[in-house]
Amino acid sequence: MRSVISILLLFTGICSFSQQYNLEILGIKRGLLHSVVTGIDQDNQGRVWLSTGGGLCNYNGYEFNYYTTKDGLNYTRLTDVVVDEMGGVWAGSTLGINYLFGGKVYSVPKDSVGGALSFSRSTNGIWVLSDRGVYKLGFYNQRININGWPLPNSDGLDISAIFQDRPLGDFIFQTTKGESFLGYKGEFYKIINGDYQRIGLGKFVAAYCCFEDDKNEVILGTSKGLYKLIDDKPVRIDHPVANELEIYKIAKIDSVFWCIGRNKFNEISVYGFTLKSHSFKRRIGVKNGLPDLPTKLYVDHEKNLWILTNNGIGILKGVAFTAYTKNDGLIGNKIWGVSKTRNGYLWIGTIGEGLSIMTPNGIYRYSTQNGLPDNYIGKVFEASDGKIYVGTSNAGICLAMYQGAGKGYRFRRLPLLQNQELRIDDIIEDENKILWVATSKGLYYTKNGVQFCHYKLFASDTGNVFIQKLQIDTIRNRIWVGTRFNGVYYIEQNKVFSFNEIGKNAEISTLLTDTYGNVWFGTRNEGVYGFNGNELKQIKEADGLSSNLIYLLYADKEFLWVGTNLGLDRLSIHEFLNDSLILRHYGPNEGLPDLEINLNGVLSDSDKGFWIATNSGLAYYQRAFDKINSVPPVVSIKSVLLRSQKTNWRMFTDSIDELTGLPLDLKLRHNQNHITFEFEAISFKNPQEVKYAWYLEGLDDTWVETKSRQAIFSSLAPGKTYRLHLKAANSDGVWSDEIVSMPIYIAPPFWATWWFRILFVLVLGLVLYLYTSSRIKTLKERQEELEEMVEQRTVELKEQLSIVDEKNKQITDSIKYAKFLQASMLPSIEDLKTYFTDTFLFYKPKDYVSGDFYWFFHYKNKSIFAVADCTGHGVPGAIVSVICENALRTALRDQNYSNTPKILLKTNRLVVDFFSKSQKSIIDGMEIALCVFDHNTMELEYSGAKMPLYIISDGQLVKLRPDIYRIGWDNHKVSYTSKKVKLAKNDIVFAFTDGYCDQFSAENGEKFSSTRLKNLILENYGSPCFLLENKLAQTFEKWRGFNEQIDDVLVLGIKI
């Protein structure tokens, strides 16, 4: 008798409404201004406006912005809010009305309209229901216009002194056709030219709310359910859910009506139902997620349902996932094994909390306290003979035996390693009625459910193989066996074979065959493998999978579902088999109660969906309600910052958008060229996964994708007009239309304007004229004195000038010819482009000829290139460069264009030998970066004599350090090493001489430095090489200004 009583005490009733939903709760901890939320509306920029007990706020999915009495509100206890057609925000209070437009608050005192209770958007303004009457307000020419009518009787409305007890059943409403209705003390009126036409609802029927659906039909919520208005006559809507409710608020999403209703038990909840099909029923209340009793409903642009309460907001983001937890009668929330028996009972095992059996009439709950052998239940299986087997984590396999109505089940451990701690992970039955059991100590089978035999997978299998998952493959007539640490096997015609396509290092956690005959393997460390009978493919984190730790696999006709420790991923099977990977992730934002999916805890519910085990309850997925969010985010530019600071743009332009406060046309000075755009794209479904794409017209037309909500542009070139192009995508990849910012013109400095240049020329001409006139007068006085002297010296000067001109011409011709000779020595840049994707070269000798040179030669499948800096510049440097280039060429040829250390050693010896003939200490030589690139292996060999080499790969800069010996040192002291690097397509390799880095700035006298040069190349390496080359030239000239160039400059880069 005692056991019967204990079972009855553990038996709890459950109904279809008792489940958890995908509710996001917004409260004070999330940033809500006040817990009591009285009204809601959404503006054209997507922001949701909320009237609360502490003031007005808006929400964009990330943060809240607040408006209180400090900002001009007449009172913080707000009663309702509405956004008008112009984007202005009206907020009512018991002390009147506030209107927020363009950052400014306008107020209507209580003396003019009374205490505002309810709003409705109207043509060119709003309707207001107050405790004094009905008013129509509009905003024109910076003024609020008011028209009012008294209430149908003189009693007036009583707004309770207790804010939370304010009346919620009185309303004002206008349809899209312009018809206006009033709900007042339970009576329903149509407003025609300020007169009230009463519409009778019947005896004892009170009107509480009014709603217009997507068919422009007017629906009434009443004390007797729903009514529809047909030709101004109310007709009751007969529905089994609605008929039992007093309905206070109505919303509609597609075909589903959502209502706030009170049932016969005086319980207030949100009810969801469809009029055509009575099978869809939902109930959301305090017991399953709401923070308090619901007071108002609102549907945003993405069809999320906002439920206002006196203790925060609940946002219902869809009903694809619902969940059952301890609050709904389950014994625990850490769900593990899930199974459904033929009588329709749902068996729900947990991790350490026991077993729940969900029946149409209630839930049985078992633990070790009332007969369950172990609280860890990972598998429940019903055999063809009706016997139910329960797999535990510590007590082996048990038989569940039904004791009769009201007595529940009794459990008996079966004699499989009965005296040992044994874990059961899977149980299956083959076509011969043989049960196969996956255990932590090997694979076992039984023909009678009593005697169990060990099945060896290999010769040394003595019962220590951890079997994780079993799967019957009806297409290949085999049983797949997944082990934890020993790989995959399959049994075919009573013979065991090793599936060697997957290595032994893959820790198998689950496996599955789909309806197309593909076999899928989940692992704990290598993601998912798919096998179609001929080819094995892998999917891992790098391919977009949430995690490589896989806990379960489930396949329907279209998708493979992958449960991980970081949520649930959905993979299109057809696309994957056609070498295309389409993944969609499900987490808490999509309704999953927890990211942690538990091992093999999944159960099919035919084509409707499936049950899935999580650490926060049993989730139920319904495919019919899983819809791609086809609504793009509402994207807008929030603000424009100057030098990263908020700016009053009225100081710069008179053209200002009154609503947003943003400039419509902006002109800035040349030094006001650091601009930041702040923007937002509102998608309440999953705001953290919103992506942005932008480009700045006038700077670059390449779209940049990011999750950042700002774009920063510094040092914008003057004399140009810029516009930001912006768009955004929601978490399902649906992009919004492109928007374009206001034009921003950066004016050139005054000295670069045409008028200044003309004025400068005129002033300079005048100065020259005055100066010339003065000098002419003085010169005339001395002219006569000089004429005789000039005549005497003319002959001598002509002879001397003739000699000088001839010598100068010879020297100049020699230098120009030397420049020609040196240029012919240098390889053509086009030769490099023949063998590489692209190149950039910035080569600027200080004089006609240079001591810097670059070198290139292609030999068989190898390209040899070098950057060198010889001692000196001009003619001396050029002579040294010819000597060193000749030595390098000879060394390369002698070494057969390979082995860069020996090439440099040979080059050094040749240079030392040449200069040693002078019998003086050697001070001439060169620094060099020498590379040999193998096009077949994509391997680069580098050796450097005091000149490093840089590589940019995947956006990361790598420096290859040179040896400390330059070319030209003593033979006995020199040694060179090489470094080999594997390169990839589009990697950048570059080197440079010290001329660029040592150049002094015209502004502050600083050297440019190698750090600035490396950062300049790193920031622009993604651009085409000709643009990078132009950037190097422009930056150098801007830095040098009017300063003298101090050395030869050479920067060479190659894109692989």
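Each reported figure results from applying straightforward, stated rules to the coordinates on display, with no laboratory input. What you see is a predicted model, and the numbers here were worked out from it, not measured in a lab. Using ideal geometry, Cβ is built from the backbone for each residue, glycine included, and neighbour counts are taken over all protein chains shown.
Some values worked out for this structure:
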| quantity | calculated |
| --- | --- |
| Cα-based radius of gyration of the chain once divided by 2.2 N^0.38 Å, which approximates compact folds | 1.34 |
| Compactness of the stretch 284-325 - radius of gyration and Dmax, Cα, Å | 10.6, 31 |
| Ranked list, fewest to most other Cβ atoms within 10 Å of each Cβ, for Cys1025, Cys931, Cys884 | Cys1025, Cys931, Cys884 |
| Cut-off 13 Å between beta-carbons: net charge of the residues surrounding Leu641, Lys and Arg +1, Asp and Glu -1 | +3 |
| Helix-only mean residue ellipticity at 222 nm for the chain, each DSSP H run of n ≥ 4 adding -39500 (n - 2.57), per residue, nearest 500 | -5000 deg cm²/dmol |
| Chain lengthening between Thr462 and Asn141 when straightened (0.36 nm per residue, less Cα-Cα) | 106.5 nm |
| Cα convex hull of the stretch 290-443 - mean projected area over all directions, nm² | 12.9 nm² |
| Out-of-range pairs (alpha-carbon distance over 21 Å; input Lys777/Lys798; Lys691/Lys720; Lys70/Lys104) | Lys777/Lys798; Lys691/Lys720 |
| Scattering profile of the stretch 580-688 at q = 0.12, 0.17 Å⁻¹ [log10 I(q)/I(0), Debye over alpha-carbon scatterers] | -0.65, -0.89 |
| Cα centre as origin, Lys/Arg/Asp/Glu Cβ charges: the chain dipole, Debye | 2760 debye |
| Translational D in µm²/s for the stretch 949-1025 (Stokes-Einstein at 4 °C, 1.567 mPa s, Kirkwood Rh from C-alpha pairs) | 86 µm²/s |
| Spatially proximal lysines relative to Lys504 (Cα-Cα < 28 Å; intrachain offsets below 8 disregarded) | Lys379, Lys441, Lys456, Lys469, Lys495, Lys537, Lys540 |
| Equivalent ellipsoid, the stretch 715-777 (semi-axes from 5 times Cα gyration tensor eigenvalues, Å) | 55, 8, 5 |
| Over the stretch 363-404, volume per residue of the alpha carbon convex hull, in Å³ | 83 Å³ |
| Largest-first principal axis extents of the Cα set of the stretch 415-518 (Å) | 41, 32, 22 |
| Segment Lys407-Val704, length gained on full extension (0.36 nm per residue, minus Cα span) | 100.3 nm |
| The stretch 862-887 and the stretch 355-377: distance between their alpha carbon centers, rounded to Å | 86 Å |
| Rotationally averaged projected area of the stretch 335-381 (alpha carbon convex hull; nm²) | 3.1 nm² |
| Amide hydrogen neighbours beyond the local backbone of Gly362, cut-off 5 Å, H modeled | Ile14 |
| Distance from the stretch 546-598 to the stretch 637-700 (C-alpha centre basis), Å | 39 Å |
| Shape box of the stretch 356-475 [Cα atoms, principal axes, largest first, Å] | 50, 34, 21 |
| In order through the stretch 489-499: 3J(HN,Hα) via Karplus (6.51 cos²θ - 1.76 cosθ + 1.60), integer Hz, x for Gly, Pro | 10, 9, 10, 9, 6, 6, 10, 9, 10, 8, 8 |
| Least to most buried among Phe915, Phe856 (fewest other Cβ within 10 Å first) | Phe915, Phe856 |
| Long pairs among Lys326/Lys557; Lys844/Lys946; Lys685/Lys985; Lys249/Lys340, criterion Cα-Cα beyond 30 Å | Lys326/Lys557; Lys685/Lys985; Lys249/Lys340 |
| Whole-Å distance, taken between Cα centres, linking the stretch 479-498 and the stretch 980-1005 | 58 Å |
| For the stretch 472-622, size of Cβ-based charge dipole, Lys and Arg +1, Asp and Glu -1, in debye | 420 debye |
| Cα-Cα pairs of the stretch 634-751 separated by more than 24 Å (percent) | 27 percent |
| Kirkwood estimate for the stretch 435-475, i.e. one over the average of 1/r between Cα atoms, Å | 10.9 Å |
| Estimated inter-spin distance, Asn448 and Lys537, nm [label 7 Å along Cα→Cβ] | 4.9 nm |
| Among Phe265, Val882, Gly522 - extreme Cα towards positive end, dipole of the chain, charges at beta-carbon | Phe265 |
| Value of Rg/Rh across the stretch 227-359 [Cα atoms, Kirkwood radius] | 1.05 |
| Descending Cα extents along the principal axes, the stretch 34-167, whole Å | 46, 36, 23 |
| Label-point separation, Glu1019 to Lys691 (7 Å along Cα→Cβ), nm | 2.6 nm |
| Rounded if a/c under 1.5, otherwise prolate or oblate - the stretch 826-1055, Cα gyration tensor axes | oblate |
| Amide H within-cut-off set for Thr564, under 5 Å, with H built and near neighbours excluded | Tyr551, Asp569, Ile597 |
| DSSP H segments from the chain that extend 27 Å or more along their own axis, Cα-based, with Kyte-Doolittle mean of -0.5 or above | 754-825, 874-894 |
| Long-range amide H partners of Lys720 with built H, under 5 Å | Ile746 |
